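These notes concern the structure reproduced below.
The values are calculated or read from the model by the stated rules, or taken from the named source; none is laboratory data. Because the structure is predicted, anything quoted here is derived from the model rather than measured. No Cβ is skipped: glycine too gets one built from the backbone with ideal geometry, and neighbour counts run over all protein chains shown.
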Amino acid sequence: MPNAVGRLTCPAANFAPVKTCAKSTDLVHAGRGPSLTTVEFEPWNDPQAKPLIHFQNVTKRFGTFTAIDDLTIDIYEKEFYALLGPSGCGKTTLMRMLAGFETPTEGKIMLAGQNIVSVPPNKRATNMMFQSYALFPHLSIWENIAFGLKREGMAKADINDRVDEMLRLTRLEQFARRKPHQISGGQRQRVALARSLAKAPKLLLLDEPLGALDKKLRQETQFELMDIQEKTGTTFVIVTHDQEEAMTVASRVAVMDHGKIIQVATPDRIYETPNSVYVADFIGDVNIIEGTTTAIGDDSYSIAWADGRAPLTANSNTPFSDGQKCHLAIRPEKVAITADEPSEAANAVQGKILDIAYLGNISTYHVELPSGVVIKAQAANTRRISRRSYTWEDTVWLSWTATAGVLLAS
Amino acid sequence: MRRFFLIAPPYAWLLLLFLAPFAIVVKISLSDYALAIPPYVPKFSWDEGIGAYLSQLDFENYIFLTEDDLYWKAYLSSFKIAAISTTLTLLVGYPIAYGMTRVPSEWRPTLMMLVILPFWTSFLIRVYAWMGILSSEGYLNQLLLWIGVIDTPLTILNTNSAVYIGIVYTYLPFMILPIYSALERLDESLIEAAEDLGCSRLTAFWLVTIPLSKTGIIAGCFLVFIPALGEFVIPSLLGGSNTLMIGKVLWEEFFSNRDWPVASAVAVILLLLLVIPIVLFQRNQQKQQEAEQ
C-alpha cells in the first residue's frame, strides 16, 4: 500500500484551488508551505498532535440493540480515515453521529476541542456526502453546489467564485446548468462531492461514496478522491464495506465489528500485521492455521499443528507462552508453490491441488494437505495458461518463510 | 395493427361519451328557444338538407350571455369560490398527507383507508349530513353553545362558508392522495442533506419538501378546482341565495326556465374555461413524467 504514508503531504504546486472563500483560508496549513520536502504524515504517532475528532467512550443504543459500544477513537486533521466493516457493524451510525443525525446515548464527541453532541447538523462544521448522493432533483448542478453557500448568507459574487472553483475541481464545468437526472452516475457522484466540499468543512464525511459506481469507474474515482483530499487538505472520514477501497484511499483504516473498533492502523499494517483473526480474515484473503506455540528463540516459535505434521516456525513480536493456543495467519501471495521440495524453506508442506481460481494476472491454488487442511497459495501467471506448470490433482510443495505469517492469539 | 386495437377502446369511449354529447350540446346552444319538445328550433330534418339547417344557426345565445351580467358574475363567483376552496383544501390536505408519510409504514394503509372511507357513503347523504351539522340548531352550534364559546347560534348554513366547508370536505381525498404519493417518494436523505448544508428543519421543508411535492400539489389542486368550479349540489344544498355559482345557474336555466339553448351555451363556455386549466394540468403531468425518466 504505497499511499499509506507521505501521500498526504503534497507539493505546494498541486495546491491551488482555494482562493476566494474567506472560510477556506483555514484549509491552508502552515506545514504545507512552499517547501517540497516530503514529511511523513503520521500525526497519530505524535503525542503532541491534537486530534480533530475525539470520540470518548461513545455508546449508541437503539432500543435494546447496541450499535456503538463504548468506543474511543481519535481522528487527526488532514487524515483520510476509513471506517471499514461488514454491514450492521455500526460504521454508518458512527458517521451519522459525526454529522449530527444521531446523538450518542453516552459519551462525548469532540470536534476541535468542543463537545458537539448537542449541536444540530446545520450548525456543525462538518458536511456529508450521502450514499444516495441526495442531490436535489429540482435544482441544477450549479444550484446544488451553491445550496449550502446560500444558507450561509455568503455574498453573491463569492458564491459564484466558490461554485466555479468547485466545478473546476470536480471537472463539471460544462454540466453546471443541467439537472441531476441529466448526468451520469459518475458525474452525480462528483456533484455530491463538490456540494459537500463547497462550504469548506473541517470534516467531510463520505458514506459509501463509490458504492453506486461500477468497478472501473470506482477505481478511477478513488484516485480522484485522494487527489481532491490532498488539494483541499480537508479531513475525510469514509465509511465503506469494500476493503480494497478503504486500503486504497485511507491514511488509516479502522476495522469495526459489532459496534467496536477492532484495529486502527495504516493500510499496510492492517494487512501485514492484523491484531486479530477477525481483521486478518476480513481484510483480503488469508490462511489461518491453528496450533500451539513453543518458544525456540528470541521472537521465534515452533508451532505444533494438525497432529503428526512437522511443526511450523514463525516469528512474532508478541510473546507467546509454551503450549499456548494460536492462529498463524499467512497471506496466499506469501506462500510459494513449487513442484519439488524446496531446499531452504522454514516451512514446507506437501499437498494436492484441489482447485485453481484463474484471475488472469494471478491464480489462486487451493492445495489440500493430507490432514485435510486446505491452504491457498497465489502465483503470478507469468506464463501463458497453456504452459501452466501445475494443474488439478498435481502434488505440489507449499513453502513460506518464518516471517511470512502473523502469529495471533486465540 | 395490435397498436390500433389497443388504443381504439379509449378513443371510441371518448368519441361516444364525450365528443358526441358535446357536439349535441354545441348544436343546441346555437339553436333558438321554442315552446316545443324538445324546446328548441331548428331541428334537423333530412328533407331540408344540411345547408338550410346551418343557415338558421346563430350565436344569439352566446351574445345573450354577455348582455345579462348574471352569467359573467356567476362565472367569476364560481372561480372565486373554487379558488378559495382549493386553497383551503390544500391547507387542510397537505398537513394530513405529510403526516401520513411520517408515521411508521405499517400504519399507512390504515390511514389511506380512512381517507378513502367517506366515499363508501353516498355523496348526497354526506352533504345532507352537513346540513344537519351546520344549521342554526345543528350539532356544531349545539356544541359551541354547550362549551360556552358563543351565546347565540352562528349562521353558517346557507352562506358561502358552508359551501367552502362542503367543498373542502368532499374533495379533500383528491388533494391528499396525489400529495401523499409525491411525498412518499421523497428521499429522506434529501432532507438530511439540506440540514447538513445549513438548513433548519423549517427551511429544509420550504426549500426541499415543498418544491419536490409540487407536482402532487398541482395535481391535487386541479383535481379539486375543476369539479369545484362546476359544482352544483354543494352550493344548492349548503349555499344561500347569495351563493352564485355557474353550476346552479346552469341547472336553473335548464330545468326552471327550460331554456335549453342558453343552458347549453353556458355549459359550452364553462367547458372552454375549464380547458385552460386542464391543458395546464396535462402539461404538469407530462413534465413530471419527463423528470422521472
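What the table below lists for this structure:
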quantity	calculated
Condition broken by residue A:69, with the remaining ones in (1) closer than 23 Å to residue B:189 by Cβ; (2) surrounded by fewer than 21 Cβ atoms within 10 Å (Cβ to Cβ); (3) out of contact with any helix residue (DSSP H, G or I) (no Cβ under 6 Å at 6 or more places or on another chain); (4) of a type outside the set (S, T, N, Q) satisfied	(1)
Pick from the range A:184-213, criterion of a type in the set (Lys, Arg) and surrounded by fewer than 23 Cβ atoms within 10 Å (Cβ to Cβ), ranking: nearest to residue A:164 (Cα to Cα)	A:188
Hits in the range B:152-206 - residues which are within 12 Å of another protein chain (Cβ to nearest Cβ) and among the aromatic types (Phe, Trp, Tyr)	B:206
Test result for residue A:266, touching a residue at least 40 places away in the same chain (Cβ under 8 Å), assigned by TED's automatic domain parsing to the domain that holds residue A:75 and touching a Pro at 6+ places or on another chain (Cβ under 9 Å)	no
Any hit, the range A:226-235, residues being in the same structural domain as residue A:195 (by TED's automatic domain parsing), under 16 Å from residue A:53 (Cβ atoms), of a type in the set (A, V, I, L, M, F, W, C) and crowded, with 19+ Cβ neighbours inside 10 Å	no
Selection from the range B:3-36 of residues that are under 23 Å from the mean Cα position of the chain (by Cα) and touching a residue at least 24 places away in the same chain (Cβ under 8 Å)	B:22, B:25, B:26
Verdict on residue A:410 being in contact (Cβ under 8 Å) with a residue 24 or more places away in the chain and closer than 21 Å to residue A:271 by Cα	yes
Residue identified as under 16 Å from residue A:399 (Cβ atoms) and within 35 Å of the chain's Cα centre (by Cα) among A:365, A:358	A:365
Residue identified as within 13 Å of another protein chain (Cβ to nearest Cβ), under 30 Å from residue A:262 (Cβ atoms) and touching a residue at least 24 places away in the same chain (Cβ under 8 Å) among A:127, A:122, A:144	A:127
Residue in the range A:362-371 that is nearest to residue A:340 (Cα to Cα), counting only those that are β-branched (Val, Ile, Thr) and free of Cβ contacts under 8 Å to residues at least 40 places away in the same chain	A:367
Subset of the range A:163-173 [touching a Lys or Arg at 6+ places or on another chain (Cβ under 9 Å) and either exposed (fewer than 15 other Cβ atoms within 10 Å of the Cβ) or in a helix (DSSP H, G or I) (or both)]	A:165, A:166, A:169, A:171
Residues being touching a Phe, Trp or Tyr at 6+ places or on another chain (Cβ under 9 Å) and not hydrophobic (A, V, I, L, M, F, W, C) - total across the range B:34-63	8
Wholly enclosed strands (runs of 3 or more DSSP E) of the range A:64-111 bearing at least 3 residues touching a strand residue (DSSP E or B) at 6+ places or on another chain (Cβ under 7 Å) and closer than 26 Å to residue B:201 by Cβ	A:106-111
Subset of the range A:331-361 [assigned to a strand (DSSP E or B), in contact (Cβ under 8 Å) with a residue 24 or more places away in the chain and either aliphatic (A, V, I, L, M) or touching a Leu at 6+ places or on another chain (Cβ under 7 Å) (or both)]	A:336, A:337, A:347, A:348, A:349, A:351, A:353, A:354, A:356
Scan of the range A:174-194 for residues that are under 13 Å from residue A:143 (Cα atoms) and either in a loop (DSSP other than H, G, I, E, B) or more than 13 Å from chain B (Cβ to nearest Cβ) (or both), ordered by number	A:175, A:176, A:177, A:178, A:179
Verdict on residue A:135 being in contact (Cβ under 8 Å) with a residue 40 or more places away in the chain, more than 23 Å from residue B:190 (Cα to Cα), crowded, with 20+ Cβ neighbours inside 10 Å and not acidic (Asp, Glu)	no
Top-ranked residue of the range B:218-242 - restricted to ones that are surrounded by 21 or more Cβ atoms within 10 Å (Cβ to Cβ) and farther than 21 Å from residue B:271 by Cβ, ranked as nearest to the other protein chains (Cβ to nearest Cβ)	B:220
Residues located in the range A:103-119, provided they are among the charged types (D, E, K, R) and either buried (at least 20 other Cβ atoms within 10 Å of the Cβ) or within 11 Å of chain B (Cβ to nearest Cβ) (or both)	none
Any hit, the range A:54-65, residues being under 25 Å from residue A:229 (Cα atoms) and touching a Phe, Trp or Tyr at 6+ places or on another chain (Cβ under 8 Å)	no
Unmet requirement for residue A:298, which otherwise passes all of (1) in contact (Cβ under 8 Å) with a residue 12 or more places away in the chain; (2) within 26 Å of residue A:275 (Cβ to Cβ)	(1)
Filter result (among the polar types (S, T, N, Q) and in contact with a strand residue (DSSP E or B) (Cβ under 6 Å, 6 or more places away or on another chain)) within the range A:176-216	A:196
Residue match in the range A:235-256 (condition: in contact with a strand residue (DSSP E or B) (Cβ under 7 Å, 6 or more places away or on another chain), of a type in the set (D, E, K, R) and at pLDDT 90 or above)	yes
Residue in the range B:120-137 that is within 14 Å of another protein chain (Cβ to nearest Cβ) and among the basic types (Lys, Arg) present	no
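Yes or no, residue by residue, for (1) more than 30 Å from residue A:296 (Cβ to Cβ); (2) not in a strand (DSSP E or B):
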| site | (1), (2) |
| --- | --- |
| A:370 | no, yes |
| A:375 | no, no |
| A:379 | no, no |
| A:386 | yes, yes |
| A:389 | yes, yes |
| A:392 | yes, yes |
| A:399 | no, no |
| A:402 | no, yes |
| A:407 | no, no |
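Residue-by-condition table, conditions (1) modelled with pLDDT of 90 or more; (2) touching an Asp or Glu at 6+ places or on another chain (Cβ under 8 Å); (3) surrounded by 14 or more Cβ atoms within 10 Å (Cβ to Cβ):
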site	(1), (2), (3)
B:93	yes, no, yes
B:101	yes, yes, yes
B:124	yes, no, no
B:180	yes, no, yes
B:189	yes, no, yes
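Matching residues to (1) within 14 Å of another protein chain (Cβ to nearest Cβ); (2) free of Cβ contacts under 8 Å to residues at least 60 places away in the same chain:
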{"site": "A:201", "(1), (2)": "yes, no"}
{"site": "A:207", "(1), (2)": "yes, no"}
{"site": "A:220", "(1), (2)": "no, yes"}
{"site": "A:230", "(1), (2)": "no, no"}
{"site": "A:236", "(1), (2)": "no, no"}
